[in-house]
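Beneath this line is the structure, given in structure tokens, with notes to follow.
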Amino acid sequence: AAGVPSGGGGVLQPMFRRAAPGSGRLEVLLVEARRLRPRKSRPGADSLDACMAGKDPSQELSTLLTDTELNVVVNFRILSGGEPLIFKGSQVQTSPSIHGTDSPDWSRLDTLQAAGGWAFRSAIFVPDRMPDMLLDLAICHKGIAKEYTLGSIQLPVTKGSFLTDPRQPFRNLWLPLTTLEVDGSRRINPSGEVHIMTLWIPASHDAEPQGKATAHAHFLALTRPPLAARFLRDPIFDVAVPPSGYNPNLAKAGGAWPRTFGEELAARAARLSSMVAYLECSEQRQLFLWSAFRSRLARDGLDRMRLGELRLVWLQRGETARVKELEELLKGGVPSSWRSRVWTDVALSSRLQGQFSDEDYLALLERGNRLNSCATEQLQEDVTEAGTWEPSTDPALGIRHLHRLRAARNVCLALIAFCVDTDAAGAGRDGPHCRDMIEGEGVVGAQVAYCQSLLVLAFHLLLPQGRAASHAAALTEADVFWLLYTLIGARTNGAYRDYYAAVPGQGRTLDPLSTPPTMKCGAMEDVYLLDCALAVHEPELWNRLHLLGFQLGSVFYRAFMHLFARMMPTASVFRLWDILIAESSNPNAFPHARHPLIDFAFGVLQSGRAALLKAESAAEAQDQVLTLLAYTTEPEVVSSLTAEGNDLLWGGFTRSQVLKLWQQGTEVYDRFYEQYAAQNEALQDLAHSLVPGRVGRFSLQRRGLSTFDIVDVVLPTLQECTR
């Protein structure tokens, strides 16, 4: 009988004769591994920069001495009854080694690229005769002086026919690294995951396993169906992926022929398909870490406190270790099933929402439906345009998209009604109003000025969380309403006041006659801060982009206003929002609570530095940045880029150079802005307030000047005066 262990170590014998019923062989394809070592915080541009910023020199020296490069190999074993089986004369099969990275990718090796990675193939065996067979992978560093294990994975092969089910022969798996404890249990490592694909190939009764299919071929076949419609869908949230960034002129390396649009679509489909398994792996680790954290809070009697309030209490008490633990958890990502509570708790919107009932939100919505203003007209136009976000001709998908849009519209309508002077608009005064939001000594909540970005944010916040998440795991309309208002207008948060708020006295208001129509835009100020950071830390790239005439605002203004929604996969957007919402209520955020936007944008530009330096036009540079964002399919990459950008920009002494450059530029604009505001105020008085009286031969007694008055009265009078 094939594959029956004998004695202490079984022998998995290859069979070339008649195969037993139900037998077959297993192919395991090792594709890649990620983050095999936990990321270490390295503030500043280099060691000198970190020490000048106040880091202990001895710690920096210790980090340098222990920071050795990895030489990664993976040892494969098949266990049965706890004993390794012998295959090809050995109990262990070892992959090729990859040196110098903690994220090795075997699919990129020249000798393995066509196969999609390194393949381990077993001999033919009968699953029923080995019910406890396990696949054991040990990820090791193989150095000159020593060799040690970074982590291991054990996967059931025959139990429940997990890898040997002929009805589901192919598996695409991302698996977290684990460590074997003394008691025999396995603990999930803080970082590290391995990507493998498995294929069960049943054997015929007379010969070798049927067909010549491989795991890589099955994976490529799975990416073909989405290509028929010429657009892609997000496999997690089932929304259409906006097409962006395709430019055949970007293929400049080695004279390679550029991809066609179909090939580019296939490459993106492959990454999106892998994203499903990767997110399941990431979710498993996050749930493990967050559950342990919640257990510790429950043990200390703190599980009923909001996370945002807990952080404030710990900061006040000086418990920096607990604050750091919470912030590391938030930056590492929130499990999708926990987001509806964690986001509202850490932003402190649940505290504000607790002061009102669901009927208050419904009253706001009813008031908004009676409104007829420029804001509601613009909202209706934006909703109509947003209908094109769903390109599918499937009626079910179209109807679901319209339901989601209607919910997002309701949130925006309630925001407008909450902030507009409804008495003047004739919509009544029932329900709460932002002017009633007294959160301190005479502090009134800020008004929200509607723009299309708010519709985009509301639409994404209302999406159900997780691949198979129920609506219970999603935020309700009222939750999203109070979360958005807290981020924009509440005194306890208000991190995005400069983006979306109409602050009285600063020009951005819903009443065009109350103040001059001028404003300072927080998003453009943040784009300029990004430009300053690039000038200080990447001067060559900054010079190249400016030489091409590429303005960062052409991409990042929309990115910042939308908080990167509809610019990269939704799972990656939500990971970034985990960080943004966590920092929004952080009193120690530097230089301001929106800095993760700049950190992530800088990380994206730095990661694509080589390709951006080869760009030959502003259009190529823009398409390259859009492509980089579109290919950010792994949420862990978002966390890594944001953390690295934060350490580099704000962790060292060079942060003073960035802020000094930014301050000088904003002061120049402030002087221009003051003059611009004075000019607009004078024009507003002329057009709406003053009664001109007698102008030359004409007498104008009505309030304000019309275009007719200026053309037929004012200009001829001025011409006569200058003759």
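Within region 94-113, restricting attention to residues that are among the charged types (D, E, K, R) and within 16 Å of Gly192 (Cα to Cα), the residue that is least open to solvent (accessible area, probe 1.4 Å) is Asp105.
Only one entry of Ser554, Ser585 meets the criterion of being among the hydroxyl-bearing types (Ser, Thr, Tyr) and either open to solvent by less than 20 Å² (accessible area, probe 1.4 Å) or more than 18 Å from Gln452 (Cα to Cα) (or both), and that entry is Ser585. Of the residues making up region 343-387, those that are within 15 Å of Tyr485 (Cβ to Cβ) and touching a Lys or Arg at 6+ places or on another chain (Cβ under 7 Å) are Leu348, Ser350, Arg351.
Might you let me know whether region 694-701 holds any residue that is assigned to a helix (DSSP H, G or I), basic (Lys, Arg) and either open to solvent by 90 Å² or more (accessible area, probe 1.4 Å) or modelled with pLDDT under 85 (or both)? First the steps, then the outcome.
Initial filter on region 694-701 (assigned to a helix (DSSP H, G or I)): none.
Looking for residues that are assigned to a helix (DSSP H, G or I), basic (Lys, Arg) and either open to solvent by 90 Å² or more (accessible area, probe 1.4 Å) or modelled with pLDDT under 85 (or both), one finds none in region 694-701, hence no.
Taking Met519 as the residue in question, decide whether it is within 30 Å of Ala619 (Cβ to Cβ), open to solvent by 10 Å² or more (accessible area, probe 1.4 Å) and at pLDDT below 90. Yes; evaluated as a whole, the condition is true for this residue. Evaluating Gln353 against the criteria (1) out of contact with any Gly (no Cβ under 6 Å at 6 or more places or on another chain); (2) surrounded by fewer than 19 Cβ atoms within 10 Å (Cβ to Cβ) leaves one unmet condition, (2).
Just to be sure, is His537 within 19 Å of Gly645 (Cβ to Cβ) and open to solvent by 10 Å² or more (accessible area, probe 1.4 Å)? Before the answer, list the steps.
Values: within 19 Å of Gly645 (Cβ to Cβ): yes; open to solvent by 10 Å² or more (accessible area, probe 1.4 Å): yes.
Yes; evaluated as a whole, the condition is true for this residue.
Restrict the check to region 354-375 and report whether at least one residue is modelled with pLDDT under 90, over 24 Å from the mean Cα position of the chain (by Cα) and under 22 Å from Ala571 (Cα atoms). Scanning region 354-375, I find no residue that is modelled with pLDDT under 90, over 24 Å from the mean Cα position of the chain (by Cα) and under 22 Å from Ala571 (Cα atoms), so the answer is no.
Would you mind listing the helices (runs of 4 or more DSSP H) fully within region 422-509 where at least 1 residues are of a type outside the set (D, E, K, R), surrounded by 19 or more Cβ atoms within 10 Å (Cβ to Cβ) and at pLDDT 95 or above?
Numbers: elements: 422-425, 452-461, 477-488, 497-500.
In region 422-509, the matching helices (runs of 4 or more DSSP H) lie at 452-461, 477-488.
Cβ separations smaller than 6 Å between residues 6+ apart or across chains give the following pairs from region 540-565 residues that are over 26 Å from Ser639 (Cβ atoms) and of a type in the set (Lys, Arg) to residues that are open to solvent by 10 Å² or more (accessible area, probe 1.4 Å) and not in a loop (DSSP other than H, G, I, E, B): Arg544/Leu613. When region 83-93 is limited to residues that are of a type outside the set (S, T, N, Q) and open to solvent by 60 Å² or more (accessible area, probe 1.4 Å), the one that is nearest to Arg35 (Cα to Cα) turns out to be Glu83.
Residues that are closer than 23 Å to Leu36 by Cα and open to solvent by less than 20 Å² (accessible area, probe 1.4 Å): does region 616-627 have at least one? I'd like the intermediate steps shown before the answer.
Of the residues in region 616-627, the ones closer than 23 Å to Leu36 by Cα are none.
Looking for residues that are closer than 23 Å to Leu36 by Cα and open to solvent by less than 20 Å² (accessible area, probe 1.4 Å), one finds none in region 616-627, hence no.
Considering every residue within region 378-390, establish whether at least one is under 28 Å from Thr492 (Cα atoms), at pLDDT below 95 and of a type in the set (Gly, Ala, Ser). Within region 378-390 (the criterion being under 28 Å from Thr492 (Cα atoms), at pLDDT below 95 and of a type in the set (Gly, Ala, Ser)), the answer is no, since none of the residues qualifies.
Hey, can you tell me all the residues within region 658-671 that are farther than 20 Å from Ala589 by Cβ and modelled with pLDDT of 85 or more? I'd like the intermediate steps shown before the answer.
Residues of region 658-671 that are farther than 20 Å from Ala589 by Cβ, as a first pass: 661, 664-665, 667-671.
Those that are farther than 20 Å from Ala589 by Cβ and modelled with pLDDT of 85 or more: Leu661, Gln664, Gly665, Glu667, Val668, Arg671.
Report yes if Val638 is in contact (Cβ under 8 Å) with a residue 12 or more places away in the chain and among the hydrophobic types (A, V, I, L, M, F, W, C), otherwise no.
On the way: in contact (Cβ under 8 Å) with a residue 12 or more places away in the chain: yes; among the hydrophobic types (A, V, I, L, M, F, W, C): yes.
Yes: the conditions hold for Val638.
Matching residues to (1) of a type outside the set (A, V, I, L, M); (2) modelled with pLDDT of 85 or more; (3) assigned to a loop (DSSP other than H, G, I, E, B); (4) in contact with an Asp or Glu (Cβ under 8 Å, 6 or more places away or on another chain):
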residue	(1), (2), (3), (4)
Lys212	yes, no, yes, no
Pro235	yes, no, yes, no
Glu283	yes, yes, no, no
Trp290	yes, yes, no, no
Phe293	yes, yes, no, yes
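One residue alone among Ala375, Ala321, Ala363 is without any contact (Cβ under 8 Å) to a residue 12 or more places away in the chain, outside any loop (DSSP other than H, G, I, E, B) and over 30 Å from Asp238 (Cβ atoms), and that residue is Ala321.
Would you mind stating whether Asp531 is closer than 16 Å to Thr666 by Cα and open to solvent by 20 Å² or more (accessible area, probe 1.4 Å)? Yes, satisfied.
Residues in region 269-296 that are free of Cβ contacts under 8 Å to residues at least 12 places away in the same chain and surrounded by 15 or more Cβ atoms within 10 Å (Cβ to Cβ): there are none. Evaluating Asp56 against the criteria (1) at pLDDT 90 or above; (2) under 20 Å from Leu648 (Cα atoms) leaves one unmet condition, (1). Of Leu79, Leu163, Leu134, Leu150, all but one fail to be under 14 Å from Leu26 (Cβ atoms), surrounded by 15 or more Cβ atoms within 10 Å (Cβ to Cβ) and either without any contact (Cβ under 8 Å) to a residue 40 or more places away in the chain or under 34 Å from the mean Cα position of the chain (by Cα) (or both); the exception is Leu163. Just one residue in the set Asp358, Asp345 is open to solvent by 40 Å² or more (accessible area, probe 1.4 Å) and among the acidic types (Asp, Glu); that residue is Asp358.
Which of the following residues is at negative phi, out of contact with any strand residue (DSSP E or B) (no Cβ under 8 Å at 6 or more places or on another chain) and not polar (S, T, N, Q): Leu348, Leu362?
Numbers: Leu348 fails: at negative phi.
Answer to the selection: Leu362.
Please verify whether region 599-608 includes one or more residues that are over 30 Å from Gln316 (Cβ atoms) and open to solvent by 10 Å² or more (accessible area, probe 1.4 Å). Even if it seems obvious, please write down each step before you answer.
To start, the set of residues in region 599-608 that are over 30 Å from Gln316 (Cβ atoms) comprises 601-608.
Retained after the next criterion (residues that are open to solvent by 10 Å² or more (accessible area, probe 1.4 Å)): 606-607.
Yes, region 599-608 contains a residue that is over 30 Å from Gln316 (Cβ atoms) and open to solvent by 10 Å² or more (accessible area, probe 1.4 Å).
Scan region 645-691 for residues that are under 30 Å from His537 (Cβ atoms) and part of a loop (DSSP other than H, G, I, E, B) and the total you get is 4. Determine whether region 643-657 contains at least one residue that is within 28 Å of His460 (Cα to Cα), touching a residue at least 60 places away in the same chain (Cβ under 8 Å) and open to solvent by less than 10 Å² (accessible area, probe 1.4 Å). For region 643-657, residues within 28 Å of His460 (Cα to Cα), touching a residue at least 60 places away in the same chain (Cβ under 8 Å) and open to solvent by less than 10 Å² (accessible area, probe 1.4 Å): absent. Of the residues that make up region 65-73, is at least one outside any strand (DSSP E or B), in contact (Cβ under 8 Å) with a residue 60 or more places away in the chain and on the phi > 0 side of the Ramachandran plot? No, region 65-73 contains no residue that is outside any strand (DSSP E or B), in contact (Cβ under 8 Å) with a residue 60 or more places away in the chain and on the phi > 0 side of the Ramachandran plot.
The values are calculated or read from the model by the stated rules, or taken from the named source; none is laboratory data. Because the structure is a prediction, the values reported are computed rather than measured. Quick reminder, even Gly has a Cβ in these numbers, built from the backbone with ideal geometry, and neighbours come from all protein chains shown. Heavy atoms of the whole protein, side chains included, go into the accessibility calculation; ligands, DNA and RNA do not. Shrake-Rupley method; radii C 1.70, N 1.55, O 1.52, S 1.80 Å.
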